[in-house]
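I have placed the structure first, in the form of structure tokens, so that the comments after it can refer back to it.
The values are calculated or read from the model by the stated rules, or taken from the named source; none is laboratory data. Since the model is a prediction, treat every value here as computed from it, not as a measurement. In this analysis, Cβ positions are derived from the backbone assuming ideal geometry, glycine residues included, and neighbour counts consider all displayed protein chains.
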Amino acid sequence: MSPSRRAPSAGLAEAEAIARAQRGDAAAFEQLYRLHKRRVYSLCLRMTSNTAEAEDLTQEAFLQLFRKIATFRGESAFSTWLHRLSVNVVLMHFRRKSLPVTSLEEASEPDEEGGPRKDFGGPDNLLAGSVDRVNLERAIERLPRGYRMVFLLHDVEGYEHNEIAEMLGCSVGNSKSQLHKARLKMRGLLQEQRAARYKEEGPANSSSRR
Amino acid sequence: MEADCRNLRRELGAYLEGEASPELLAHLEHCRHCQNLVEELRSIERAAPQIAETYEPRPALWKQIENAVYAEGLVRERPFSGWFRDLVREWLPLPAPALAAAYLVVLLIAGVVITFRTATPPLPAQQAASPAPPVDIAAELTSAEQTMLAEMERLNPGASPIYRNNLATVNYYIDLCQRTLDQDPGNPDVRHSLDQAYTQKADLLSAMLDPDEMRSR
Amino acid sequence: MPSWAGARRFSRLLPGVLILAAFPLYAEHFDRLFSVGGYPLLSLRQISGDVVVRAWNRPEIRVLASVKGSHVVADATQQGSRVEVVSEVVGQHDESKEVVHYEIYVPAESELQLHSHDGLVRVEYVRGDVAIETRTANVELKEVAGHINVKTAAGSLLADRCSGRMEVRSTSGDLKFTEPALAKLTAYTTDGDIAYEGDFQPGGMYNLSNHAGTIELRIPKQASFDLQASSIQGQVTGDVPAVPLAKTWQSPTASPQRLAGRYLTGDASVRLSSFSGTIRIRWK
């Protein structure tokens, strides 16, 4: 799941921009920014839920990129390399605020009181048709930060567990288990959101689901 | 059934990653609850990529980054735009710092020459294009805003009536929302309306402060 | 500072420079062609006049400028994948008379940053990030796709068959969207009208709001969306739909100011809000 390319020439354009940026070309910096600003900013915004902080982190990520670009030798895809930098910036940000970002412990969470049992299936697939952009965004915002990062990196951005493990400094097993818990939690949140939308219906209407 | 579901729940993660024990597969064969769970988790995984890259930072962020990039000396060649650069480059193949100095000297000369031209008399204030808002303009603008507009009037008379009217309009609605909110403090719709008005006001002020608007012509 | 040899060359330059400064260097008309790579940026700062940007299938940006004022300088330059077009009024002059008209052709996939005071800004068939800021210039978009951001103090917007994501903010301009295919739309005008004519995208998010003025939806009978429409001091009216609503309800404080409900399967999320304006929902 590599980032979709808008134009076929974008790959060439990027390679050229990297080469020129390594020589300190200002226009090339701008081009790299424009090619990747959305991915970086989206990650920062989803992690912080605050546009001002997200902008600060985006700025920091790109500055680090431009400082270090001369050391990029093409061992990985450029976007992966940039993403690794961005993830680091986000992690540092939360570390400084003493907020946990990744819960790397294996201990299972206590079940929540009330609400759907998040790790059991039910008689119906309740999420059919509910997993759309709107609800996804809302649920991600409510996802505990400890799970959000892994979910964003794996399911949204498409990184593999070994890449995520390297970015977050944890084991591959950790990454996998965190992802699983994140998805279970997402499922719970999506079900809650769906239930809330139907809350005001009368009792007679539960059969007309699609 | 529930005991089996519970036992196999921990394996579910592995199953979704492609590793499954025969017990799990057998269980999934007949347990509709677990099948639904798997399908639900899969649908989340399928849906997630559609939101990659949704958000965009505001255009001004690049300016900030660019300034920092220059400040840190990461740029090794400082281009400056304009037909003038090409002209001077052609006539005067100097290294960048000397070129910058030459550019500055020329700007100074150009500035001196322009100042000595006969200044045209200031224009009368233009008619506002839009109909007057139902407000008392003077009352709606704070003294700081009046000062800003007076300055704009002096520097850029064409622009100020438009900003004056639009700023007054937004302020009028901010007042209206605020008063309504005072009477009905918990009302989220009114708060939302107020927030929108403030955002629009910020936009207007930011447009006014654009170097193009607030400068001597 | 320049070396001695440089200084001699510089002194030869001086009279030319003085002449240039005395008579603003402008062309009455120019036509320039720039070769650009993938996804170039067109950055334009316009004072008064029309700007039309159209997509074509060449890896080039072509800028045609027609200068109508006598105290305005127009220029177009290139830096790598960025083409900058600038109009500048020299000296104290009535801006509205210093008109420059631009006609610009860009590759279909381009980023645009257009800044204009007065006149018209029109973009056709471009795909990419489009950011437009105007003072009173009206904005017309035709089949523009991508991420579109429009900010204007008093200009109006007409967006026809645009797709992607769009944000618009205006103070007194009217906003009109015809046959949109936008996945996300956030539109706000302080006291202008908003008109939305067309369908919604599944999973789309639409947020139309103003303080005064009307917000009108004209939508097809098969539109599927969740609606929340409220006007704090105004009215919300809706046609009775031809297809029965799956679920409709009025909020607990039912009033003529609020309408909420699910139409068909609620695939899109639509939120209309006004302070004192009128909200109307009509079926096509």
Check your understanding: Restricting attention to the range A:157-175, which residues are free of Cβ contacts under 8 Å to residues at least 60 places away in the same chain, in a helix (DSSP H, G or I) and within 15 Å of the chain's Cα centre (by Cα)?
Key -> A:HIS161, A:ILE164, A:ALA165, A:SER175
Exercise for review: Find all pairs meeting these conditions: Cβ atoms under 9 angstrom apart; at least six residues apart or on different chains; first residue within the range B:31-45 and more than 17 Å from A:ALA182 (Cα to Cα); second residue acidic (Asp, Glu) and part of a helix (DSSP H, G or I).
Suggested key: B:CYS31/B:ASP4; B:HIS33/B:GLU2; B:CYS34/B:ASP4; B:GLN35/B:GLU29
Check your understanding: Would you call C:GLU124 surrounded by 19 or more Cβ atoms within 10 Å (Cβ to Cβ), more than 12 Å from chain A (Cβ to nearest Cβ) and at negative phi?
Key -> no
**Study point:** Condition check for A:ARG20: in a helix (DSSP H, G or I), of a type outside the set (A, V, I, L, M, F, W, C) and closer than 29 Å to A:ARG96 by Cβ
**Key:** no
Review point. Which residues, taken from the range C:229-247, are in a loop (DSSP other than H, G, I, E, B), at pLDDT 50 or above and not aliphatic (A, V, I, L, M)?
Key: C:GLN233, C:GLY234, C:ASP239, C:PRO241
Exercise for review: Give me a count of the residues in the range B:193-215 that are more than 30 Å from B:LYS63 (Cα to Cα) and not small (Gly, Ala, Ser).
Suggested key: 0
Review point. Is the range B:33-42 home to any residue that is surrounded by fewer than 18 Cβ atoms within 10 Å (Cβ to Cβ), among the acidic types (Asp, Glu) and farther than 24 Å from A:LEU153 by Cβ?
Key: no
Review point. Taking C:GLN78, is it surrounded by fewer than 23 Cβ atoms within 10 Å (Cβ to Cβ), of a type in the set (S, T, N, Q) and within 14 Å of chain A (Cβ to nearest Cβ)?
Key: yes
Exercise for review: Please tell me if B:LEU155 is of a type outside the set (Lys, Arg), surrounded by fewer than 18 Cβ atoms within 10 Å (Cβ to Cβ) and farther than 20 Å from C:SER274 by Cβ.
Suggested key: yes
Practice item. Would you tally the residues in the range B:15-58 being assigned to a helix (DSSP H, G or I) and closer than 30 Å to A:GLU60 by Cβ? Key: 4
Review point. When residues of the range C:90-143 are filtered for being modelled with pLDDT of 90 or more, assigned to a loop (DSSP other than H, G, I, E, B) and within 30 Å of B:LEU167 (Cα to Cα), how many remain?
Key: 3
Review point. Of the conditions (1) surrounded by 18 or more Cβ atoms within 10 Å (Cβ to Cβ); (2) within 30 Å of C:ALA183 (Cα to Cα); (3) among the small types (Gly, Ala, Ser), C:ALA108 fails just one. Which one is it?
Key: (1)
Review point. Just a yes or no: is a residue in the range C:56-69 more than 8 Å from every other protein chain (Cβ to nearest Cβ), farther than 30 Å from A:ALA21 by Cβ and polar (S, T, N, Q)?
Key: yes
Practice item. Mind telling me which of the residues B:ARG164, B:ARG179 ends up being surrounded by 17 or more Cβ atoms within 10 Å (Cβ to Cβ) and charged (D, E, K, R)? Key: B:ARG164
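Conditions tested, residue by residue: (1) modelled with pLDDT of 85 or more; (2) surrounded by fewer than 17 Cβ atoms within 10 Å (Cβ to Cβ); (3) away from chain A (no Cβ under 14 Å).
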| residue | (1), (2), (3) |
| --- | --- |
| C:SER3 | no, yes, yes |
| C:LEU14 | no, yes, yes |
| C:ALA21 | no, no, yes |
| C:LEU25 | no, yes, yes |
| C:ARG54 | yes, yes, yes |
Check your understanding: Within the range C:160-176, restricting attention to residues that are part of a strand (DSSP E or B) and within 11 Å of C:GLY213 (Cβ to Cβ), which residue is farthest from the other protein chains (Cβ to nearest Cβ)?
Key -> C:LEU175
Point to revise | Qualifying positions in the range A:12-27 - at the interface with chain B (Cβ under 10 Å from one of its Cβ atoms), under 23 Å from A:VAL89 (Cβ atoms) and without any contact (Cβ under 8 Å) to a residue 40 or more places away in the chain | key: A:GLY24, A:ALA26
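To keep it simple, each residue is scored yes or no on (1) under 28 Å from A:GLU137 (Cβ atoms); (2) modelled with pLDDT of 90 or more; (3) surrounded by fewer than 21 Cβ atoms within 10 Å (Cβ to Cβ).
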position: A:ALA19; (1), (2), (3): no, no, yes
position: A:GLU30; (1), (2), (3): no, yes, no
position: A:TYR41; (1), (2), (3): yes, yes, no
position: A:SER49; (1), (2), (3): yes, no, yes
position: A:ALA61; (1), (2), (3): yes, yes, no
position: A:GLN64; (1), (2), (3): yes, yes, yes
position: A:LEU104; (1), (2), (3): yes, no, yes
position: A:PRO110; (1), (2), (3): yes, no, yes
**Study point:** Qualifying residue in the range B:141-162 (condition: more than 30 Å from C:GLY119 (Cβ to Cβ), at pLDDT below 85 and within 11 Å of chain C (Cβ to nearest Cβ))
**Key:** no
Practice item. Confirm whether C:VAL100 is under 23 Å from B:PRO211 (Cα atoms), surrounded by 23 or more Cβ atoms within 10 Å (Cβ to Cβ) and in contact with a Gly (Cβ under 7 Å, 6 or more places away or on another chain). Key: yes
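Table: residues versus (1) of a type outside the set (Asp, Glu); (2) more than 12 Å from chain B (Cβ to nearest Cβ); (3) part of a helix (DSSP H, G or I).
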| residue | (1), (2), (3) |
| --- | --- |
| A:TYR41 | yes, no, yes |
| A:LEU57 | yes, no, yes |
| A:ALA61 | yes, no, yes |
| A:ARG67 | yes, no, yes |
| A:GLU75 | no, yes, no |
| A:LEU82 | yes, yes, yes |
| A:VAL90 | yes, yes, yes |
Check your understanding: Of all the residues that make up the range C:191-230, how many are within 22 Å of the chain's Cα centre (by Cα) and of a type outside the set (S, T, N, Q)?
Key -> 21
